[in-house]
Structures are given as C-alpha cells and as structure tokens.
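Since every read-out is calculated from the coordinates, none of them should be taken as a lab result. Given the structure is predicted, the values throughout are model-derived calculations rather than measurements. Methodologically, a virtual Cβ is constructed for each residue, glycine included, from the backbone with ideal geometry; neighbour enumeration extends over all protein chains shown.
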Amino acid sequence: VVASVPDTVLGVATSTKDTLQEVATSTKDTAVGVATFCTSTLPTAVKGAVDTIEQIPTTVQQTTTAAKETVDETVAATQSFVETVQAIPGTIQQVVEDTTEVVDDV
C-alpha cells in the first residue's frame with residue numbers, strides 16, 4: 001500500500017495538471033473569441049445598424065417625393081380628363097350647328 005502512494009500522488013498531480021491545462025486553454029480560446037467579437041464583429045454590426053438608421057430619412061424623403069410626384073401626375077391627368085369632358089357639350093353643339101347649316105343650305 002505504501003509503495004503505491006507515490007504512484008497515486010503522481011497520478012493525481014498529472015491529472016490535475018492536465019485539467020488545469022485544459023481549463024487554461026479553454027479560457028484563453030474563450031478570451032480570444034470574446035476579444036475578436038468585441039473588436040471586429042460587434043463594431044461591424046453596430047456600424048451596419050447605424051448606417052441603416054442614418055438612411056431612414058433619405059428613404060422617407062425619396063418615398064415622399066415619389067408619392068407627391070405620382071399624386072401631381074394623377075391630378076394633372078384628372079384635370080385634363082375633366083377639361084375634355086367639359087368640352088364635349090360644346091363639341092356636340094358645334095356639330096349640331098354645322099349639320100344644321102349644311103341641311104339649311106341643301
């Protein structure tokens with residue numbers, strides 16, 4: 001039993017050393033991953049979000065301008081249509097008068 005004590009102590013020491021090395025490596029890898037995320041991934045994501053937010057006023061302005069132009073074009077087309085419709089009675093009257101003159105001449 002006494003002879004096996006050094007082997008047991010050595011086994012425990014080796015196992016403890018291996019475990020501590022694994023923990024240290026894992027901690028280092030985690031720290032590197034966090035550092036990379038904080039210095040590279042996160043700033044890029046934040047910049048992308050800021051860029052998107054900064055574009056909102058321009059996008060709204062472009063959309064508003066396009067909508068106004070569409071409304072203006074619709075109003076102009078409607079006005080033209082109204083003028084055409086309003087001219088119909090005059091055109092009919094003129095045709096009636098011209099036809100009456102032709103009939104009277106005959």
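Figures for the structure shown
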| quantity | calculated |
| --- | --- |
| Selection from the stretch 1-38 of residues that are surrounded by 10 or more Cβ atoms within 10 Å (Cβ to Cβ) and of a type in the set (S, T, N, Q) | 8, 14, 15, 16, 19, 21, 25, 26, 27, 30, 36 |
| Residues (β-branched (Val, Ile, Thr) and either under 60 Å from the mean Cα position of the chain (by Cα) or not in a helix (DSSP H, G or I) (or both)) located in the stretch 1-21 | 1, 2, 12, 14, 16, 19 |
| All positions within the stretch 45-77 that are of a type in the set (Val, Ile, Thr) and either touching a residue at least 24 places away in the same chain (Cβ under 8 Å) or loosely packed, with under 10 Cβ neighbours inside 10 Å (or both) | 53, 56, 58 |
| The listed residue being part of a helix (DSSP H, G or I) and within 44 Å of the chain's Cα centre (by Cα), out of 91, 70, 100 | 70 |
